[in-house]
Ligand SMILES: Nc1ncnc2c1ncn2[C@@H]1O[C@H](COP(=O)(O)OP(=O)(O)O)[C@@H](O)[C@H]1O
Ligand SMILES: N[C@@H](CCOP(=O)(O)O)C(=O)O
């Protein structure tokens, strides 16, 4: 049996709505993402297990991982041997941690390896984006490409190969806090203004392009000082209980940036030191999480989706 792990990701990364995303890894070595196991079997079989399996639709045909399997067999590799595929659903759904992308990316990576199809990077990313788009209300790559390739990715249809990796400060610590309630991505997209004013579009383009250029120059603290989301965060704040308190309190504990991970409700705090990250985590655990929530201190996951050995 072969197992493939796909990591959680922070869509938007505050400054790059639908265009920037980061794969993350808890510094204590825990796996924060989905795992897909695959092996040859007498006939095609699918099962879904794991902590959050019960939060997914009960019918296999409604599970994205199963949909990826049937699509792969009918459109990519019809003569692939029959197989057993198991999704271990380790990420909560509607969390803002790229949960649907995790299942899709892990499944296609597993199928591509199992069938030996060797699809190109763009073919893989497009296939993955098709399925992410089915549930999230729009086609966006900012969970798919970091989850698949790792690191911080500038990512869009207009970007060569769909993704360009950006350098990051190795001293960044990122606290993610999932509060324990779900927020559907499509719902959190529906509250966004359908159009941006000209001045806001220009400011968005300036901020994102300067952020990326500064990272390339390794001028990390200047890049961080540009991290602000005026596109999605103002509209989404009202959907997330506890957002305003966190936004006010965490900078006092040393966070350089406090923002929504993806469409929320997970919040993330970017911190310049481990000590600041620990203080922010402790505040979030006491003030933001309910009994179903969790938090992790992370750094970027540079490996992305990989086979577990
Ligand atoms: N394997 C899967 N992983 C995650 N979501 C899935 C999966 N299969 C089906 N879904 C459905 O897709 C939707 C994903 O919701 P969404 O808010 O986009 O999640 P997330 O933001 O965590 O990716 C939910 O309605 C969920 O039931
Ligand atoms: N750019 C998207 C990111 C959604 O991420 P998710 O983890 O909430 O699915 C958006 O902001 O809608």
Among the listed residues 9, 19, identify the single one that is farther than 27 Å from residue 278 by Cβ and either in contact with a helix residue (DSSP H, G or I) (Cβ under 9 Å, 6 or more places away or on another chain) or not assigned by TED's automatic domain parsing to the domain that holds residue 140 (or both).
19
May I ask you to verify whether residue 117 is more than 16 Å from ligand 2 (Cβ to nearest atom), more than 22 Å from residue 216 (Cβ to Cβ) and surrounded by fewer than 18 Cβ atoms within 10 Å (Cβ to Cβ)?
yes
Which of the following residues is in the same structural domain as residue 159 (by TED's automatic domain parsing), within 19 Å of residue 306 (Cα to Cα) and either more than 16 Å from ligand 2 (Cβ to nearest atom) or in contact with a strand residue (DSSP E or B) (Cβ under 8 Å, 6 or more places away or on another chain) (or both): 83, 31?
31
Can you spot a residue in segment 203-218 that is touching a strand residue (DSSP E or B) at 6+ places or on another chain (Cβ under 6 Å), within 16 Å of ligand 1 (Cβ to nearest atom) and in contact (Cβ under 8 Å) with a residue 60 or more places away in the chain?
no
Exactly one of these conditions fails for residue 47: (1) within 16 Å of ligand 2 (Cβ to nearest atom); (2) under 21 Å from residue 111 (Cα atoms). Give me its number.
(1)
Specify which of the listed residues (151, 137, 96) is within 14 Å of ligand 2 (Cβ to nearest atom) and under 17 Å from residue 13 (Cα atoms).
96
Please state which one of 161, 130 is in the same structural domain as residue 46 (by TED's automatic domain parsing), farther than 16 Å from residue 4 by Cβ and within 16 Å of ligand 1 (Cβ to nearest atom).
130
Just one of the numbered conditions (1) touching a residue at least 24 places away in the same chain (Cβ under 8 Å); (2) surrounded by fewer than 17 Cβ atoms within 10 Å (Cβ to Cβ) is not true of residue 151; which one?
(2)
Would segment 114-127 turn up any residue that is free of Cβ contacts under 8 Å to residues at least 12 places away in the same chain, more than 10 Å from ligand 1 (Cβ to nearest atom) and not in a loop (DSSP other than H, G, I, E, B)?
yes
Of the residues 103, 74, which single one is within 16 Å of ligand 2 (Cβ to nearest atom) and outside any strand (DSSP E or B)?
103
Residue count, segment 8-38, condition free of Cβ contacts under 8 Å to residues at least 12 places away in the same chain and either on the phi < 0 side of the Ramachandran plot or not in a loop (DSSP other than H, G, I, E, B) (or both), comes to 0
Can you name the condition, by its number, that residue 89 falls short on among (1) in contact (Cβ under 8 Å) with a residue 24 or more places away in the chain; (2) in contact with a helix residue (DSSP H, G or I) (Cβ under 6 Å, 6 or more places away or on another chain); (3) surrounded by fewer than 22 Cβ atoms within 10 Å (Cβ to Cβ)?
(3)
When you scan segment 42-53, do you find a residue that is under 20 Å from the mean Cα position of the chain (by Cα), in a loop (DSSP other than H, G, I, E, B), free of Cβ contacts under 8 Å to residues at least 60 places away in the same chain and within 11 Å of ligand 1 (Cβ to nearest atom), even just one?
yes
Quick check on my filter: what residues within segment 130-146 are part of a helix (DSSP H, G or I), surrounded by 23 or more Cβ atoms within 10 Å (Cβ to Cβ) and in contact (Cβ under 8 Å) with a residue 40 or more places away in the chain?
144, 145, 146
Residue list for segment 257-296, restricted to those being surrounded by fewer than 18 Cβ atoms within 10 Å (Cβ to Cβ) and touching a helix residue (DSSP H, G or I) at 6+ places or on another chain (Cβ under 7 Å)
287
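The values are calculated or read from the model by the stated rules, or taken from the named source; none is laboratory data. This structure is a prediction, so every number in the text was calculated from the model and none was measured. Quick reminder, even Gly has a Cβ in these numbers, built from the backbone with ideal geometry, and neighbours come from all protein chains shown.
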